[in-house]
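Report on one structure; see the data block that follows.
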Amino acid sequence: MGVKRTLQGWGTLLSFLANVFTILSTVTSYWIRHAKGHGGLWQECTQGLCSSTPCQPTILMAGLCMVLSGSFGVVATVMGLRLLCRAEESLRGQLTSVLLFVSGWLALPFSVLAGGCFLLADLILQSSVAISSFPVCL
């Protein structure tokens with residue numbers, strides 16, 4: 001087994017692991033944890049009862065980009081497996097590389113932005129609760 005095949009094998013294994021983590025982070029409902037429950041892209045769970053999250057454009061875009069990223073990653077992993085099993089032309093290897101880069105770079109900024117949106121929403125909620133309990137003399 002040459003260096004090329006070893007690198008293709010490691011690349012395929014790493015892309016598979018990246019897909020597993022991307023899919024797990026997309027479907028989990030533990031993006032935000034609070035005293036009453038937890039929430040994610042698709043579900044909001046409060047005191048043991050789970051329901052769909054309200055339709056908000058930021059959550060919708062984050063979910064769309066995560067699903068798109070996972071899809072690109074799965075296609076790239078399948079192409080990587082085909083390259084590993086058969087000796088193909090270099091164009092297919094270049095396309096696999098491009099798809100893997102696109103899936104990684106598509107997920108990363110939108111994951112960070114989605115996490116930032118949830119963090120800001122949580123901070124606003126906590127500050128409004130703290131302000132509402134603050135005695136104000138007018």
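Rule-based calculations on the coordinates, nothing more; no lab input. Everything numeric in this text was worked out from a predicted model, so none of it was measured. All Cβ positions, glycine included, derive from the backbone under ideal geometry; neighbour counts span all protein chains shown.
So if R0 is 25 Å, what FRET efficiency would Leu60 and Ser127 give, r being the distance between their Cβ atoms, rounded to the nearest 0.05? Working from the Cβ atoms, E equals 0.50. Maximal additional length on extending the His38-Leu108 stretch stands at 23.0 nm, based on 0.36 nm per residue less the C-alpha distance. Spin-label model, Trp10 to Leu119: label points 7 Å out along the Cα-to-beta-carbon direction sit 3.2 nm apart. Projecting label points 7 angstrom from Cα along Cα→Cβ for Leu24 and Leu95 puts them 3.1 nm apart.
Take 41-49, 73-81 and order them by the average number of nearby Cβ atoms within 10 Å per residue, most first; the result is 73-81, 41-49.
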